[in-house]
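See below for the structure under consideration.
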Amino acid sequence: LSIPASGLPHGNYTALDAPASEPGSPDAQLLAISDVLDEFGISSLYSSLDTTIKYQTVEEFVSHFDTLLHEYFEKQKEPSPTVLLSGGIDSAIITSYLGKDTQCITWGGWGPETSDVLYSKKTAKAFGLRDPHVVFVDYDKDMEVYEKAVTALKIPLLYHNVVPHIRMAELAQG
């Protein structure tokens, strides 16, 4: 199941893969949130939600999922949240539900002109947020972070999966 989204802000989505049949017809494609969660391997994270509701259209599904995200973020107590903003669609969607006081942090990798930096700035601007704090490669610090993580967890880790997230989390914590 692929549900690409376009348009800003949240809730303004266009379903590109909508079923061709009319809602309610016998051949209508039924969608369930559980199908999407299973596809991404994250269904266990949402065990407290009723994810078995079936939908006749992608629009119905998106509308209900939008409501779930609104309710979730309204319940959060963090007055000034931080989001790791990559410039991709998933972090942009999450960012659309956060308030104007949200701090954005982006992994700058190899320089200020990388796609993550450029698109995260565009996303932040679209939602009226400050430009993201950008964390750039620092070889000495990065190797130290990586060695500490491998030592503490006692498991092999991919350098490129560990270092950016730890470095951005350090910035978020102050």
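Would you please list the contacts, defined by Cβ atoms under 7 Å and residues six or more apart or on different chains, that run from a residue in the stretch 108-132 that is farther than 15 Å from Asp90 by Cβ and of a type in the set (Val, Ile, Thr) to a residue that is open to solvent by less than 80 Å² (accessible area, probe 1.4 Å) and at pLDDT 90 or above?
Once the first residue is farther than 15 Å from Asp90 by Cβ and of a type in the set (Val, Ile, Thr) and sits in the stretch 108-132, its partners that are open to solvent by less than 80 Å² (accessible area, probe 1.4 Å) and at pLDDT 90 or above give Thr114/Gly108; Val117/Thr106; Val117/Gly108; Val117/Val134.
State all residues of the stretch 71-129 that are of a type in the set (Phe, Trp, Tyr), at pLDDT 90 or above and assigned to a helix (DSSP H, G or I); if no residue qualifies, say none.
Result: Tyr119, single match.
Tally the residues that are of a type in the set (S, T, N, Q), open to solvent by 50 Å² or more (accessible area, probe 1.4 Å) and farther than 16 Å from Glu170 by Cα, restricting the search to the stretch 81-124.
1
Taking the criterion of being open to solvent by 80 Å² or more (accessible area, probe 1.4 Å), in contact (Cβ under 8 Å) with a residue 60 or more places away in the chain, out of contact with any helix residue (DSSP H, G or I) (no Cβ under 6 Å at 6 or more places or on another chain) and closer than 14 Å to Leu84 by Cβ, would at least one residue in the stretch 158-173 satisfy it?
For the stretch 158-173, residues open to solvent by 80 Å² or more (accessible area, probe 1.4 Å), in contact (Cβ under 8 Å) with a residue 60 or more places away in the chain, out of contact with any helix residue (DSSP H, G or I) (no Cβ under 6 Å at 6 or more places or on another chain) and closer than 14 Å to Leu84 by Cβ: present.
Quick one: Phe127 ticks every box in (1) in contact with a Phe, Trp or Tyr (Cβ under 9 Å, 6 or more places away or on another chain); (2) farther than 27 Å from Val162 by Cβ; (3) open to solvent by less than 60 Å² (accessible area, probe 1.4 Å) bar one, so which box is it?
It fails just one condition, (1).
What number goes with the only condition from (1) among the aliphatic types (A, V, I, L, M); (2) at pLDDT 90 or above; (3) open to solvent by 80 Å² or more (accessible area, probe 1.4 Å) that Ile155 does not pass?
(2)
Could you tell me how many of the residues in the stretch 67-100 are in contact with a strand residue (DSSP E or B) (Cβ under 8 Å, 6 or more places away or on another chain), touching a residue at least 60 places away in the same chain (Cβ under 8 Å) and of a type in the set (Val, Ile, Thr)?
Residues flagged as in contact with a strand residue (DSSP E or B) (Cβ under 8 Å, 6 or more places away or on another chain), touching a residue at least 60 places away in the same chain (Cβ under 8 Å) and of a type in the set (Val, Ile, Thr) within the stretch 67-100 amount to 1.
Quick check on my filter: what residues within the stretch 132-174 are within 29 Å of Asp101 (Cβ to Cβ) and not in a helix (DSSP H, G or I)?
Pro132, His133, Val134, Val135, Phe136, Val137, Asp138, Gly174
The values are calculated or read from the model by the stated rules, or taken from the named source; none is laboratory data. What you see is a predicted model; the values in this text were computed from it and never measured. With ideal geometry, Cβ positions are generated from the backbone for all residues, glycine too; neighbour counts draw on all protein chains shown. Areas reflect the complete protein model, heavy atoms only, side chains present, ligands, DNA and RNA absent. Shrake-Rupley method; radii C 1.70, N 1.55, O 1.52, S 1.80 Å.
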